[in-house]
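What follows is one structure encoded as structure tokens, with my remarks underneath.
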Amino acid sequence: MNGFRVGEDDFELDGRPVRLLSGALHYFRVHEAQWGHRLAMLRAMGLNCVETYVPWNLHEPHPGEFSDVEALGRFLDAAHEAGLWAIVRPGPYICAEWENGGLPHWLTGAVGARARTRDTEYLGHVDRWFGRLMTEVVPRQHDRGGPVIMVQVENEYGSYGSDQVYLRHLADLLRFEGVTAPLFTSDGPEDHMLTGGCVPGVLATANFGSQARTAFETLRGHRPKGPLMCMEFWCGWFDHWGAEHVVRDAADAADALREILECGASVNLYMAHGGTNFAGWAGANRGGGALHDGVLEPDVTSYDYDAPIDEFGRPTEKFWRFREVLAPYAQGPLPELPAPPQQLGAPAAADLSRWAPLSAVMESLGGPDAEHAVPPTFEELDVDRGLVRYTVTVPGPRRPYPLSVRGLRDRAVVYVDGVRAGVLTEEEPSLPEPVAGHARVELWVESLGRVNYGPRTGETKGITGGVLHERQYLHGVRAQGLRLDAFSSAQAVRGVPASSEAASGRPGLYRGTAEVHGPGDATLQLPSWTRGFVWVNGFNLGRYWSAGPQTSLFVPGPVLREGVNEVWVLELEGTEGETVSLAPVPPERQ
Ligand code: GLA
């Protein structure tokens with residue numbers, strides 16, 4: 001029997017049993033010019049396969065309008081060139097600490113809780129998307145000489161729902177679009193997750209971070225036959241803004257990996273290399289225990305994940321330990337590590353002397369400004385990542401009353417008659433001081449990332465309830481959205497008029513240049529800045545936030561150039577710092 005197939009006990013390649021030693025690496029979290037290096041690092045660690053998700057919202061920003069879906073094809077070609085097989089997990093939902101779990105905002109805004117079900121409106125969009133996406137996957141399958149050996153159906157569906165009609169539709173759709181590679185599902189090793197997420201006739205795999213024996217026993221309770229695979233071995237974890245940095249001990253992770261392999265199972269390290277949530281694509285969780293219905297916990301920009309290959313592409317202690325564990329399972333001696341990427345030659349400071357207030361940025365780059373009876377959501381304004389300015393009048397004369405926001409997601413910097421009056425959040429929805437009428441209130445509301453996991457996935461952003469004075473709704477709300485995408489036109493950003501006033505630390509767009517000698521991988525440091533986004537030569541490095549634990553942003557070397565580099569900082573709350581500087585990447589973690 002030729003080709004790759006799912007056997008009774010093992011995966012088989014050309015009739016021989018084969019073990020998949022795979023590592024997750026998301027092409028959309030690594031600068032394309034660095035894919036080759038990272039893939040070579042996977043090989044050097046002892047892996048024979050790479051796994052990637054595909055984020056629908058990145059590739060279909062507006063319904064029917066696709067953006068660089070070819071990136072997936074280019075990545076699969078790079079994997080092939082690196083001598084790796086590939087596992088593709090196209091979703092349509094991917095979780096992955098990615099904005100909205102990969103679902104487009106225009107889709108969840110329209111279908112709400114009908115997403116990830118048999119609903120015909122939802123499936124109509126899925127069908128169109130997979131029709132486009134699979135043209136990148138199908139010709140690159142193993143039976144056509146390409147690297148793709150397996151394709152996933154949905155993602156941990158059993159952690160979300162129980163619509164078997166939906167799962168069956170997805171599996172049939174993949175076949176209809178020409179996928180001949182084996183299909184699989186992946187779920188937590190719990191009975192309710194497996195019964196919710198498995199599809200009859202489709203390989204089931206399990207996701208976990210430890211206790212492989214117990215996990216596989218549970219899986220065997222549902223699938224007595226078939227190769228065992230841990231599709232997500234969580235060898236690290238991710239961070240939330242305002243929380244402690246999470247690490248997983250290297251020796252402990254190596255032991256857990258050894259246990260998986262001793263079970264005779266295949267594995268996919270999640271993550272082998274995490275990379276970066278560039279351009280504000282980080283998702284968010286809801287805390288609050290098993291229900292995942294509590295406070296918003298937005299994910300940081302780094303997706304280092306405490307993975308064996310760190311955010312900068314360097315081998316960590318975990319890398320060396322995993323290499324030791326994996327080496328005996330390899331077909332021959334492991335390849336050497338590739339040459340490390342070029343590092344920044346010398347520190348450089350950016351001079352950010354051009355400043356424009358947020359209102360000027362909104363005027364130049366924002367969407368249409370219109371009045372609505374009640375505040376529209378981000379979805380209604382077609383804002384995926386970015387902010388919305390809501391303006392409302394408190395009628396007068398009237399005595400001072402508390403001003404509050406119902407259903408605020410996620411954060412509003414509020415001005416009353418042009419004077420800053422406070423920052424509101426879901427937990428602190430009222431201004432500290434009462435407001436008298438007549439007054440003009442501006443609320444600059446920012447999304448900190450859409451929820452990517454649990455029952456609140458896909459919830460809308462913005463003011464989703466209303467603005468209240470005492471208990472009275474304030475109607476007649478002007479709203480204007482500013483998508484981060486608006487910054488992808490350098491010409492438009494350069495055209496934002498600079499103020500003649502001094503910035504004095506106020507929010508707004510700070511622009512300037514940094515002189516670089518010896519471009520290479522760097523970090524961007526923003527001491528005393530509060531929260532916002534940074535672009536270098538038009539490349540959005542992601543969100544920074546003084547809440548920590550992340551304190552600097554990764555700048556991939558290929559973004560920089562010798563000489564003058566353009567830097568823009570969109571500061572949303574105000575800054576006490578003036579400096580933004582580029583520094584070489586910090587010393588290796590041990
Ligand atoms: C689940 C999901 C992944 C990721 C991990 C946590 O297993 O399937 O996409 O979110 O959790 O990192």
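Net charge near G287, counting Lys/Arg +1 and Asp/Glu -1 over other residues with Cβ under 10 Å of its Cβ?
It works out to a net charge of -1.
Rank-order 319-332, 447-460, 371-384, 160-173 by packing density, defined as the average count of other C-beta atoms within 10 Å over each peptide's residues, highest first. Numbers along the way, then the final one.
On the way: 319-332: 15.7, 447-460: 22.3, 371-384: 19.8, 160-173: 17.9.
Top to bottom by mean Cβ count within 10 Å: 447-460, 371-384, 160-173, 319-332.
Can you tell me the 0 to 90 degree angle between the C-alpha axis of helix 164-176 and the longest principal axis of the chain, rounded to 10?
70 degrees
Between S528 and R258, 0.36 nm times their residue separation minus their Cα-Cα distance comes to what?
Values: separation 270, 0.36 × 270 = 97.20 nm, distance 4.41 nm.
That pair, S528 and R258, stretches by 92.8 nm at full extension.
Loop-only check: which GluC sites (Glu not before Pro) in the range 151-198 are DSSP coil with at most 13 other Cβ within 10 angstrom? Before the final figure, lay out the partial values.
Values: sites: E154, E156, E177, E190; in loops: E154, E156, E177, E190.
Listed in order of number, the matching sites amount to none.
Using the Karplus curve 6.51 cos²θ - 1.76 cosθ + 1.60 with θ = phi - 60°, work out ³J(HN,Hα) for each residue of the range 499-516 in order, rounded to whole Hz, and write x for Gly and Pro.
My calculation for the range 499-516 gives 6, 7, 7, 6, 5, 6, x, 6, x, x, 9, 9, 10, x, 9, 10, 8, 10 Hz in order.
Want the number for E317 to R16: 0.36 nm per residue separation, take away the alpha-carbon distance, what's left?
On the way: separation 301, 0.36 × 301 = 108.36 nm, distance 3.34 nm.
Roughly 105.0 nm would be gained on extension.
From the phi of every residue in the range 51-56, what ³J(HN,Hα) in whole Hz does the Karplus formula 6.51 cos²θ - 1.76 cosθ + 1.60 yield, where θ is phi - 60° and glycine or proline is x?
10, 9, 7, 10, x, 4
R0 = 22 Å: FRET efficiency of S364 with V564, Cβ-based, nearest 0.05?
After rounding, the FRET efficiency stands at 0.45.
Report relative contact order for the chain in percent, whole number only (criteria: Cα-Cα under 8 Å, sequence separation at least 6). Let's see the in-between values first.
Details: 1495 pairs, mean separation 88.6, N = 590.
Normalised by residue count, the contact order of the chain is 15 percent.
If each DSSP helix of 4+ residues adds -39,500 (n - 2.57) and the sum is divided by the residues in the chain, what number results at 222 nm, nearest 500 deg cm²/dmol?
Result for the chain, helices only: -6000 deg cm²/dmol.
Would you pull out the residues with amide H under 5 Å of T460's amide H, same chain only if 5 or more places away, H placed 1.01 Å from N?
It is none; the list stays empty.
Show me, for the range 131-138, the HN-Hα J-couplings you get by feeding each phi into the Karplus relation (A = 6.51, B = -1.76, C = 1.60, θ = phi - 60°), rounded to Hz, glycine and proline as x.
Each residue of the range 131-138 in turn: x, 6, 4, 5, 5, 7, 8, 3 Hz.
Does a label point 7 Å from the Cα of A113, set along Cα-to-beta-carbon, have any residues of the range 153-179 with amide nitrogen under 15 Å, and which are they?
Taking a point 7 Å out along Cα→Cβ of A113, the residues of the range 153-179 whose backbone N falls under 15 Å are 160-163.
Residue separation times 0.36 nm, minus the C-alpha to C-alpha distance between E578 and T180: what's the value? Present the calculation step by step, with values, prior to reporting the outcome.
Values: separation 398, 0.36 × 398 = 143.28 nm, distance 5.62 nm.
Full-extension gain reported as 137.7 nm.
Write down the percent of antiparallel bridges among all DSSP beta bridges whose residues are both part of the chain, to the nearest 5. Before the final figure, lay out the partial values.
Values: 91 of 123 bridges.
Counting DSSP beta bridges with both partners in the chain, the antiparallel share is about 75 percent.
Under a 5 Å amide H to amide H cut-off, with H placed in plane at 1.01 Å, what residues pair with A439 once short-range neighbours are removed?
V394
For the range 504-532, list residues with backbone N below 20 Å from a point placed 7 Å from the Cα of T551 toward its Cβ?
Correct set: 522-532.
Over the range 1-108, what is the relative contact order in whole percent, taking alpha-carbon pairs under 8 Å and six or more residues apart? Present the calculation step by step, with values, prior to reporting the outcome.
Values: 152 pairs, mean separation 26.8, N = 108.
Rounded, it is 25 percent for the range 1-108.
What does a probe at Q472 reach in the range 369-394, counting residues whose amide N is under 12 Å from the point 7 Å along Cα→Cβ?
393-394
R420 to Q342: FRET efficiency via 1/(1 + (r/R0)^6), r the Cβ-Cβ distance, R0 35 Å, to the nearest 0.05?
Values: r = 43 Å, r/R0 = 1.24.
It comes out at approximately 0.20.
What residues have an amide H closer than 5 Å to that of W85, excluding those fewer than 5 places away on the same chain, when H is modeled at 1.01 Å from N in the peptide plane?
Sorted by chain and number, the residues that satisfy this are C49, V50.
As an exercise, use a Förster radius of 60 Å and the Cβ-Cβ distance of S504 and L291 to find the FRET efficiency, rounded to the nearest 0.05. Before the final figure, lay out the partial values.
Working: r = 45 Å, r/R0 = 0.75.
Efficiency, from the Cβ-Cβ distance: 0.85.
For the range 358-500, what is the relative contact order in percent, using Cα pairs closer than 8 Å and at least 6 residues apart in sequence?
Details: 327 pairs, mean separation 58.1, N = 143.
In percent, rounded to a whole number, it is 41.
For the range 447-576, with every protein chain kept in place, what is the accessible area per residue (1.4 Å probe, Å²)? Present the calculation step by step, with values, prior to reporting the outcome.
Values: 4450 Å² over 130 residues.
Counting only protein heavy atoms, the per-residue value for the range 447-576 is 34 Å².
The values are calculated or read from the model by the stated rules, or taken from the named source; none is laboratory data. Given the structure is predicted, the values throughout are model-derived calculations rather than measurements. When we count neighbours, we look across all protein chains shown, and the Cβ atoms used for this are built from the backbone with ideal geometry, even at glycine. Just the protein is used for accessible areas: all its heavy atoms, side chains included, with ligands, DNA and RNA removed. Shrake-Rupley method; radii C 1.70, N 1.55, O 1.52, S 1.80 Å.
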